[in-house]
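The values are calculated or read from the model by the stated rules, or taken from the named source; none is laboratory data. These numbers come from a predicted model, not from an experiment. Reconstructed Cβ throughout: ideal geometry from the backbone, glycine too, with neighbour counts over all protein chains shown. Accessible surface is based on the protein model in full, side chains and every heavy atom, while ligands, DNA and RNA are left aside. Shrake-Rupley method; radii C 1.70, N 1.55, O 1.52, S 1.80 Å.
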Amino acid sequence: MLSTEELPHLLLLLLHRQFDICYSFVIIPTSMAFRLRTKSFGFGEGEAEFSLQWWNEIDDSDQWQRGIYFALCAAYASVSFVALVQLVRIQMRVPEYGWTTQKVFHLLNFVVNGLRAVLFGLYKSVFAIRPKALEQVLMEVPGLLFFSTYTLLVLFWAEIYHQARSEPAQKLRPAYFIINGIIYLIQVCLWFYTSVSKTATGMEAAKLFLAVMSFCASLGFLLYGGRLFFLLRRFPIESRGRQKKLYEVGSVTAICCACFMIRCALLALSAFDEDADLDVMNHPILNLVYYLLVEIVPSALVLFILRKLPPRRVSDQYHPIR
């Protein structure tokens, strides 16, 4: 008979063995099971110290810093080049149109990623800029442009959604410009406060403001991307291009919502934890992970998903920006 203390560990073993290729069940006493788990899966203090030492050595290594920041520079330059090529292809395909939403989106992608490539290519000079507020401005301007670039997709989807439901959509575009103008104005005020106060409070406030912006952008994608997705699902199955548009809207919504939520969380963390501070030269691994997750990979995926060129003929769905 098993004791009362041994039954929970037997149940745990059975649950783990469901996913094992070996189906023999072994009963292990409580004390022995605890020792085996500790020995097999535990991390001792020595291993934790070694991992921390390895992390610090990479952060402090000039060679690692150079390699990581130049890798970020190359990645951003590649995305910027792809956006420029796509912009030229669209212009050659429909030269009779002016600056459409699609063209502006690819132009902004080219500018944002190009700026990041230059900043990381000159990382030593950028991170050495004094006062610190000026460095903060240089590193945060591309982030603001990234916000404007991808909320342009939210605007485009909102216009399509309201037009499809025969609802007025004339106020959406002015609202987009007003909201972006207010955001840029608040950010300029925070930069000015940081430069005057010369304390960490201004920088923390700027990071928290960018975190709130990212959270709002994520909600925007969730709201209008979700609405448009379910609106397309109600279309007849035989509708031309329905399945492809469902894939485009659903994929872009998921990617952008996730990237802005990750940006929100990491910016909020960096505002209160100095060890998680971003945009500093001696945190290359953290910067690599951050910019890959919140800008490089999402931008590359969205450009790939939206790579289709507009039709040559006049289309009601392809409007120039007024």
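Here are the numbers for this structure:
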{"read-out": "Top-ranked residue in the stretch 116-139 [being open to solvent by 20 Å² or more (accessible area, probe 1.4 Å) and charged (D, E, K, R); ranked as nearest to Val188 (Cα to Cα)]", "value": "Lys132"}
{"read-out": "Which listed residue is among the aromatic types (Phe, Trp, Tyr), free of Cβ contacts under 8 Å to residues at least 60 places away in the same chain and closer than 21 Å to Val302 by Cβ, from Phe221, Phe230, Phe192, Phe235", "value": "Phe230"}
{"read-out": "Qualifying residue in the stretch 146-163 (condition: open to solvent by 20 Å² or more (accessible area, probe 1.4 Å), over 21 Å from Gly225 (Cα atoms) and of a type in the set (A, V, I, L, M))", "value": "no"}
{"read-out": "Condition broken by Ala265, with the remaining ones in (1) closer than 24 Å to Leu144 by Cβ; (2) open to solvent by less than 70 Å² (accessible area, probe 1.4 Å); (3) at pLDDT below 90; (4) hydrophobic (A, V, I, L, M, F, W, C) satisfied", "value": "(3)"}
{"read-out": "Out of Ala158, Ala175, sole residue that is among the aliphatic types (A, V, I, L, M), in a helix (DSSP H, G or I) and touching a helix residue (DSSP H, G or I) at 6+ places or on another chain (Cβ under 7 Å)", "value": "Ala158"}
{"read-out": "Which numbered condition Gln243 misses (of (1) assigned to a helix (DSSP H, G or I); (2) modelled with pLDDT of 85 or more; (3) out of contact with any Phe, Trp or Tyr (no Cβ under 7 Å at 6 or more places or on another chain))", "value": "(2)"}
{"read-out": "Number of the exception - Gly225 against (1) within 24 Å of Gly67 (Cα to Cα); (2) at pLDDT 90 or above; (3) open to solvent by less than 40 Å² (accessible area, probe 1.4 Å)", "value": "(1)"}
{"read-out": "Residue check for Ala74: surrounded by fewer than 17 Cβ atoms within 10 Å (Cβ to Cβ), farther than 30 Å from Leu223 by Cβ and under 23 Å from the mean Cα position of the chain (by Cα)", "value": "yes"}
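Residue-wise test of (1) of a type outside the set (Phe, Trp, Tyr); (2) part of a helix (DSSP H, G or I); (3) under 24 Å from Phe215 (Cα atoms); (4) touching a Phe, Trp or Tyr at 6+ places or on another chain (Cβ under 9 Å).
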residue	(1), (2), (3), (4)
Pro95	yes, no, no, no
Gly98	yes, no, no, no
Phe105	no, yes, yes, yes
Leu108	yes, yes, yes, yes
Val112	yes, yes, yes, yes
Val118	yes, yes, no, yes
Val137	yes, yes, yes, yes
Gly143	yes, yes, yes, no
Leu153	yes, yes, yes, yes
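Every residue, every condition in (1) touching a helix residue (DSSP H, G or I) at 6+ places or on another chain (Cβ under 9 Å); (2) buried (at least 17 other Cβ atoms within 10 Å of the Cβ); (3) assigned to a helix (DSSP H, G or I); (4) at negative phi, yes or no:
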position: Tyr184; (1), (2), (3), (4): yes, no, yes, yes
position: Cys189; (1), (2), (3), (4): no, no, yes, yes
position: Ser195; (1), (2), (3), (4): yes, no, yes, yes
position: Phe209; (1), (2), (3), (4): yes, yes, yes, yes
position: Met213; (1), (2), (3), (4): yes, yes, yes, yes
position: Ser218; (1), (2), (3), (4): yes, yes, yes, yes
